[in-house]
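A quick write-up on the structure given underneath.
The values are calculated or read from the model by the stated rules, or taken from the named source; none is laboratory data. All figures in this text were calculated on a predicted structure; none of them were measured in a lab. Heads up, the Cβs are rebuilt from the backbone with ideal geometry, glycines too, and the neighbour counts pull from every protein chain shown.
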């Protein structure tokens, strides 16, 4: 055996042992909670926003804040002697396999007592499976695929509304628009990025379109890393829709907007989600993003009807220097709901936490969202969760629907590109 | 020397068997399982890329075919993934021949790009084919408890660890046997110089297909193993172009054209990427990717023939 | 599908394909001369886009003004990358270069993510670069027209350069037969460095002009890099005109084929076309 071989063998063996030892972490007094987000890869900017929402929630749980929000007025978890929550973040790289491995690592090596977050449905699918297997509660507030809560998992809970609710809300909105403006908007075009999330969104929209009697005139899946989307837009153009419903991540939202303008594709009602809500979107497309109606669960202008929103937004602004986005606000919920459960359970035992999560009944005035509250049904979906719709006007999101919470009048129809 | 060598192997295998019991930490075991999987993939690639001179950049297609075949057979017919694994391997051989036969005249980079194109086509077809779950992918029903029939183990990672270790060693064993046989001699002749091999009367097309079949089979078996391990497959995770590139990278980094080179590659690169991410990934700063790329770059500048070049005395 | 949309798809395909050609041309030169796969090609496109963004942010350079700067910087980068990285592995096994350039591409992605975060950015253009025109219902955007014209100019220039200058002929000679070129007294190391520089300069030009209508992020190079592999192989390695013609064909298939067959399958069409051509003509359109 040559010397080189022995030295190399030794080095590799030693580093493997060191790596292995790294995995054997030490338990500390803080309560660790795990969160897996896409922190690198082409969805990284959005993953970072989610992370910010979670961080702010943890600040509020651990500190003393004069807010009418669960866990705000106390420091840490009172029933556990004021123990502090610490979030251990991990990078899923947007891959289901990595998401699963990182969730396992957080649970078994970092000894987190619960998991929150995930953002991409495909990643949450495997990460939550890991948590389920290891019997660790998983509270989700930022992935929307309906399939996630339909697997009969014992430890998995979702605070935010899913895509079934979203699709129904979209068509309710279009119906409301028809009444308000006395104009038929029956021709609907579906455009969606073709992975787990986008394709499930489209499936729900197809279902609800049938229910509400709308006609799908175009049904276009696309690859979200595409360098060019001319053919997609030309297809849309020739289908002459009244309504466009678009499910993109952020990079494709930008690319489509630029191509719509370039090819002069005009649609009276332009609706979107997710990627359109990322502040990078407005920053990148500027005025071209005006008048898109985007689904959200939160908007700073709701402070008018719910002052708590304004206060939390101020805290966020102080920390990150800009308004809280719908994406960050959505991720903000899970840590609070979880902390509240841990507090009520007075224990870190997974089954104790699970039991009180099932009993959760948080009134609407104690949460950030403009919902009636948080209460889980038998598949662990929050029954009070619903969407609002915001429209981009003057480079900002303004709440336009439901009418009773709207801060601004909806602009309709979207002006043609040459009239802007 | 020969005796010492055997002892060396025995010690290594014993260490590998004891390792997960000593370090009974799921993440460490996960990294080890990934080492086995990538080791197996890189070793399979080694047959075509390392020995036969066919640089395939489309192995993800076969990996995906294996994953989808066993999962579909289990979901549709309730067939155990153990048989599904073999079936996946056979389907992959068929696919390998279907693409390998028309490509038999292609050389070097033209062949490489053809495999990239093939893998992308498979990816796009699967993404739009509702029978295989289209973009949503497939998730088999989860067994309520550990089950050898369903090839699902929830309570511990140890079964996956040992199955992975076994499959990797099996691949190494088979590849070693093939390469040392007469067939292997022809394969190597093909890899060194195709024209010379042809003039010596080697049936190039035939040996190319043999080589492709071996690689496709083991790659697909690894795919089935992956599907049973993660229990959720979709085109971005099992048919991605990046997976094909990773396989080539690991084999080349370790040293292709040698039996243990690809395994060394997996043993070093997989933990490097996993731990770099575990340590720095949570910040989302890109530092982990940077370190990973940098190590690969610097290392290959100094060791262009791969890690195994440490072992070859000049 | 009405005629206007079909014509639109054809025009868009052409305007999409030509800039692809510029990126692919750079890859083709490197590939032809050194017989190596530059896996970091797309990442160098990303680097040149960030250079353009930087010039715009600090000195309000428009993307067109950035072209020469970006080309020169990328030329220098190419030279250095060859001298200090690629040349070290030229003597190794055939695919050692793959490992090195892959490492380089991961490193560049990580570096730019580290320096500039993953946020999507755009260069705010004004004047002619922000406009488009409408000819009988067919829309043409000026930045894409400019990008296409520049591609044509660069193609003509490089073809002329390769045939009519000493340096160009040295590159061609090395491409055809390295050993003979060496015997005839050509410094092939210098030729390599030069070709790497020229190859990246093409990408520098492409990145600058692309910034006027494309978003910028650390991952932007991925698919562009991949498409240029296919284009180069379709056109034949080392062929400059081959790369441009193949690029136009790919652009048309992507755009027109996408409209006719369905956008979900457009990349499948592109790759199928490659396979069909390569089965009939194993060395691409213009390869020898």
So, in the stretch B:215-241, how many residues would count as being within 14 Å of another protein chain (Cβ to nearest Cβ) and touching a residue at least 24 places away in the same chain (Cβ under 8 Å)? 17
Quick one: count up the residues across the stretch C:48-68 that are in contact (Cβ under 8 Å) with a residue 24 or more places away in the chain, surrounded by fewer than 24 Cβ atoms within 10 Å (Cβ to Cβ) and in a helix (DSSP H, G or I). 6
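Conditions (1) more than 10 Å from chain C (Cβ to nearest Cβ); (2) modelled with pLDDT of 95 or more; (3) surrounded by 21 or more Cβ atoms within 10 Å (Cβ to Cβ); (4) more than 27 Å from the chain's Cα centre (by Cα), marked per residue:
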site: A:221; (1), (2), (3), (4): no, no, yes, no
site: A:227; (1), (2), (3), (4): no, no, no, no
site: A:230; (1), (2), (3), (4): no, no, yes, yes
site: A:235; (1), (2), (3), (4): no, no, yes, yes
site: A:241; (1), (2), (3), (4): yes, yes, yes, yes
site: A:246; (1), (2), (3), (4): yes, yes, yes, no
site: A:256; (1), (2), (3), (4): yes, yes, yes, no
site: A:264; (1), (2), (3), (4): no, no, no, yes
Where residue C:91 falls short, out of the listed (1) at the interface with chain B (Cβ under 10 Å from one of its Cβ atoms); (2) within 24 Å of residue B:113 (Cβ to Cβ); (3) not in a helix (DSSP H, G or I): (2)
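A quick yes/no check of all residues on (1) free of Cβ contacts under 8 Å to residues at least 12 places away in the same chain; (2) within 18 Å of residue B:176 (Cβ to Cβ):
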residue	(1), (2)
B:204	no, no
B:213	no, yes
B:244	no, no
B:269	no, no
B:295	no, no
B:298	yes, no
B:302	yes, no
Can you confirm whether residue B:11 is closer than 20 Å to residue A:101 by Cβ, part of a helix (DSSP H, G or I) and within 14 Å of chain A (Cβ to nearest Cβ)? no
Name, by its number, the condition in (1) surrounded by fewer than 24 Cβ atoms within 10 Å (Cβ to Cβ); (2) more than 14 Å from chain A (Cβ to nearest Cβ); (3) more than 25 Å from residue C:102 (Cβ to Cβ) that does not hold for residue C:242. (1)
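Looking at the stretch C:94-104 only, could you name the residues that are touching a residue at least 60 places away in the same chain (Cβ under 8 Å) and more than 7 Å from chain B (Cβ to nearest Cβ)?
Filtering the stretch C:94-104 down to residues touching a residue at least 60 places away in the same chain (Cβ under 8 Å) leaves C:97-98, C:101-102, C:104.
Result: C:97, C:101.
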Across the stretch B:108-136, which residue is modelled with the lowest pLDDT among those that are more than 7 Å from chain C (Cβ to nearest Cβ) and surrounded by fewer than 20 Cβ atoms within 10 Å (Cβ to Cβ)? B:108
Being within 14 Å of chain B (Cβ to nearest Cβ) and touching a strand residue (DSSP E or B) at 6+ places or on another chain (Cβ under 8 Å) is the filter here, so list the residues in the stretch A:154-180 that pass it. A:155, A:156
Could you list, in sequence order, the residues of the stretch C:111-132 that are farther than 15 Å from residue A:285 by Cα, away from chain B (no Cβ under 14 Å) and in contact with a helix residue (DSSP H, G or I) (Cβ under 7 Å, 6 or more places away or on another chain)? C:128, C:132
Yes or no: residue B:257 within 30 Å of residue A:86 (Cβ to Cβ) and either more than 12 Å from chain A (Cβ to nearest Cβ) or buried (at least 24 other Cβ atoms within 10 Å of the Cβ) (or both)? no
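Out of the residues in the stretch B:281-314 that are touching a strand residue (DSSP E or B) at 6+ places or on another chain (Cβ under 9 Å) and over 20 Å from residue B:32 (Cα atoms), which is modelled with the lowest pLDDT? Talk me through it step by step, then tell me what you get.
So in the stretch B:281-314, the residues touching a strand residue (DSSP E or B) at 6+ places or on another chain (Cβ under 9 Å) come out as B:281-284, B:288.
Subsequent filtering for residues that are over 20 Å from residue B:32 (Cα atoms) retains B:282-284.
On the way: B:282: 77, B:283: 77, B:284: 72.
Among residues in the stretch B:281-314 that are touching a strand residue (DSSP E or B) at 6+ places or on another chain (Cβ under 9 Å) and over 20 Å from residue B:32 (Cα atoms), the one modelled with the lowest pLDDT is B:284.
Name the single residue, out of those in the stretch B:271-293 being in contact (Cβ under 8 Å) with a residue 60 or more places away in the chain and under 28 Å from residue B:171 (Cα atoms), that is farthest from the other protein chains (Cβ to nearest Cβ).
Filtering the stretch B:271-293 down to residues in contact (Cβ under 8 Å) with a residue 60 or more places away in the chain leaves B:271, B:274-275, B:278.
Narrowing further to those that are under 28 Å from residue B:171 (Cα atoms): B:271, B:274-275.
Working: B:271: 6, B:274: 7, B:275: 5 Å.
The selected residue is B:274.
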Looking at the stretch A:35-71 only, could you name the residues that are over 15 Å from the mean Cα position of the chain (by Cα) and either under 16 Å from residue A:93 (Cβ atoms) or facing chain B (nearest Cβ under 10 Å) (or both)? A:40, A:41, A:42
Return the pairs, sorted by first residue and then second, in which the second residue is in a helix (DSSP H, G or I) and modelled with pLDDT under 85, the first residue lies in the stretch B:1-22 and is over 16 Å from residue B:166 (Cα atoms), the beta carbons are less than 9 Å apart, and the residues are 6+ apart or on different chains. B:22/A:20
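Here's a check for you: in the stretch C:72-87, which residue that is crowded, with 17+ Cβ neighbours inside 10 Å and within 14 Å of chain B (Cβ to nearest Cβ) is nearest to residue B:52 (Cα to Cα)?
If we filter the stretch C:72-87 for residues that are crowded, with 17+ Cβ neighbours inside 10 Å, which is where we start, we get C:73-75, C:77-79, C:81-82, C:85-86.
Filter once more, keeping what is within 14 Å of chain B (Cβ to nearest Cβ): C:81-82, C:85-86.
Values: C:81: 30, C:82: 29, C:85: 27, C:86: 25 Å.
Here the answer is C:86.
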Test of understanding: among A:77, A:107, which residue is away from chain B (no Cβ under 14 Å) and in contact with a helix residue (DSSP H, G or I) (Cβ under 7 Å, 6 or more places away or on another chain)? A:77
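Within the bounds of the stretch A:186-193, is there any residue that is in a helix (DSSP H, G or I) and either within 13 Å of chain B (Cβ to nearest Cβ) or surrounded by fewer than 21 Cβ atoms within 10 Å (Cβ to Cβ) (or both)?
no
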Number of the condition not met by residue A:151 [criteria: (1) closer than 21 Å to residue B:137 by Cα; (2) surrounded by fewer than 24 Cβ atoms within 10 Å (Cβ to Cβ); (3) more than 14 Å from chain B (Cβ to nearest Cβ)]: (3)
Wholly within the stretch C:170-288, which helices (runs of 4 or more DSSP H) include no fewer than the required count, namely at least 3 residues that are in contact (Cβ under 8 Å) with a residue 40 or more places away in the chain and within 24 Å of residue C:143 (Cβ to Cβ)? C:188-210, C:221-235, C:240-252
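Within the stretch C:129-139, how many residues turn out to be surrounded by 14 or more Cβ atoms within 10 Å (Cβ to Cβ) and more than 22 Å from the chain's Cα centre (by Cα)?
Filtering the stretch C:129-139 for residues surrounded by 14 or more Cβ atoms within 10 Å (Cβ to Cβ) gives C:129-130, C:132, C:138-139.
Now narrow it down to the ones that are more than 22 Å from the chain's Cα centre (by Cα): C:130, C:132, C:138-139.
Residues that pass the stated criteria total 4.
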Looking across the stretch A:266-298 at residues that are touching a strand residue (DSSP E or B) at 6+ places or on another chain (Cβ under 6 Å) and part of a helix (DSSP H, G or I), the single one that is surrounded by the fewest Cβ atoms within 10 Å (Cβ to Cβ) is A:289
